[in-house]
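Okay, so here's the structure we're looking at.
The values are calculated or read from the model by the stated rules, or taken from the named source; none is laboratory data. The shown structure was predicted, so the numbers you read here are calculated from the model rather than taken from an experiment. Because the Cβ atoms are built from the backbone with ideal geometry, glycine has one as well, and the counts that use them run over all protein chains shown. Areas reflect the complete protein model, heavy atoms only, side chains present, ligands, DNA and RNA absent. Shrake-Rupley method; radii C 1.70, N 1.55, O 1.52, S 1.80 Å.
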Amino acid sequence: MTPLPLRTPVKAQHHEPVLDVVVPVFNEERDLEPSVLRLRTHLRETFPYPFRITVADNASTDATPVIAARLAAELPEVQCVRLAEKGRGRALRTAWSASPAPVLAYLDVDLSTDLAAMLPLVAPLISGHSDIAIGTRLARGSRVVRGPRREVISRCYNALLRSTLAVGFSDAQCGFKAVRRDVAERLLPLVKDSGWFFDTELLVIAERAGLRIHEVPVDWVDDPDSRVDLMATALADLRGIARIGRDLGRGALPAAGLRRRAADPVRAGLAGQLLRFAAVGAVSTVVHVLLYTVLRPAAGSQGANALALLACALANTAANRRLTFGLRGRDGALRHQTKGLLVFVIGLALTSGSLAALHHAAPGASHGAEVGILVTANLAATLLRFLLLRAWVFPAVRRRRTGDVTA
């Protein structure tokens, strides 16, 4: 799977909706219309881009679908989709998958989250700074009004996530999130849950893939008429945590293909490349000397040097490919190793020539002298190797096309 492209800002001039706000609903005939009207008014007054509101009705049995259809017919910014099965995750997956907007969001129909946080939520995605944005009720600066029962359950749930799955985000279940569409296209097929655990699973996969998650402190007021079955939701969440934990333990969490291309590593600075290359080179030099010392009694000085240098060259090319020049995955790996072997031949000629010169000048040279001349020749070969790797093996133009590291 090809890596995600670099994040780029949404164009300032945009005629189609930039933001699609999904409102998942189930039997919300009382709150749906006032909430949609309030959301529409807020976005028209504060959001500087075209937008759309999508009401995602998942199997309501009251008048909710009728109200949603009427709102969609009367208001140009509103549309509705109707699902035959329940599940917030299923509703979001369906609505987000069908939307062409570059930024996708959702919020709960009760509008418990203050809408003033909407622009701060989506701004990092529009600007290209982040991949996902979430509202958090647990960050410093958040103002939350809710009963002690829900407060305890929320904090315990997020503490459980941090202790079992080692997540970095603070609030998995706040019904106020947004994601870039290119990220959603990769994430949604990987998320198995169709209910309330959908949010958590999506965030865990994204974080494990190294995608950038932006958190926005929100003002949040509990809806006393919430229809969420806390006990059933908690049990489903615990099952979801156990499933994700098993996947993590087996190394089976499906995060492949979610990493973004890196910016050209040359732009990250020559100094950083030199430091990483020097660290790899230092390790390679130590390993080369150790292998030479072990192999010399059986293979002789020239044979031991050639075998030790060959083994180190393969490992050195792989390490520099990943660590110094920021390339991952199999694309171009064989070509890079082939070129690396040609660079190895140059290094072999330099070190072998140095050994030959030593033996010609001092036929009875000690092992310590051999090691000393090898270290000196290796340092010269290392400098030459860096220049060849940077200019020929991993040229900047090819790195921009094939790089695959976390932005």
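Worth a mention:
- Working note: Cα gyration tensor of the chain, eigenvalues times five, square-rooted, sorted largest first, giving semi-axes of 58, 22, 17 Å.
- For region 96-173, projected area of the alpha-carbon convex hull averaged over all directions, nm²: 6.7 nm²
- Calculated FRET value between Leu238 and Lys86, using beta carbons and R₀ = 30 Å, to 0.05: 0.95
- Dipole of the chain, positive end: most advanced residue of Val280, Ile132, Trp96 [Cβ charges, Cα centre]: Val280
- Residues listed by number, region 26-68, amide nitrogen under 11 Å from Leu75 label point at 7 Å toward C-beta: 32-44, 52-55, 68
- Measuring r between the beta carbons of Ser366 and Val287 and using R0 = 25 Å, the FRET efficiency lands at 0.70.
- Value of Rg to Rh for region 99-231 (Rh from inverse mean 1/r over Cα pairs, i.e. Kirkwood): 0.94
- Based on Cα atoms of region 43-145, Rg over Rh with Rh as the Kirkwood radius reads 0.97.
- Selected from His42, Val371, Gly141, residue furthest toward positive end of dipole (the chain; charges at beta carbon): Val371
- With the simple spin-label model, which puts each label point 7 Å out from Cα in the Cβ direction, the Arg335 to Ala159 separation comes to 5.4 nm.
- Here the gap between Leu119 and Ala380, fully extended at 0.36 nm per residue and compared with their Cα-Cα distance, gives a gain of 88.4 nm.
- Aspartates and glutamates whose Cα lies under 16 Å from that of Lys339, excluding same-chain neighbours fewer than 8 positions away: Asp331
- Taking the 1.4 Å solvent-accessible surface of region 42-123 as the whole, the part contributed by carbon and sulfur is 55%.
- Computed magnitude of the charge dipole of the chain (debye, nearest 20; Cβ of K, R +1, Cβ of D, E -1): 1820 debye
- In terms of packing, defined here as the mean over residues of other Cβ atoms within 10 angstrom, the peptides 6-17, 295-306 line up highest first as 295-306, 6-17.
- Where labels lie 7 Å past Cα in the beta-carbon direction, separation of Val221 and Trp392 in nm: 7.1 nm
- Relative contact order (%) - criterion: Cα under 8 Å, at least six apart; region: region 11-118: 39 percent
- The chain - percent relative contact order, Cα under 8 Å, separation 6 or more: 16 percent
- Span-rule helices in the chain, defined as complete DSSP H runs reaching 27 Å or more along the axis (Cα) with Kyte mean at least -1.0: 230-250, 270-319, 333-361, 367-388
- For the listed peptides 272-281, 92-101, a ranking on the average number of other beta carbons within 10 Å per residue, highest first, reads 92-101, 272-281.
- Counting only Cα atoms, the size of region 1-45 along its three principal axes is 45, 30, 13 Å, in decreasing order.
- Accessible area of region 1-150 divided out per residue, in Å², using a probe of 1.4 angstrom: 46 Å²
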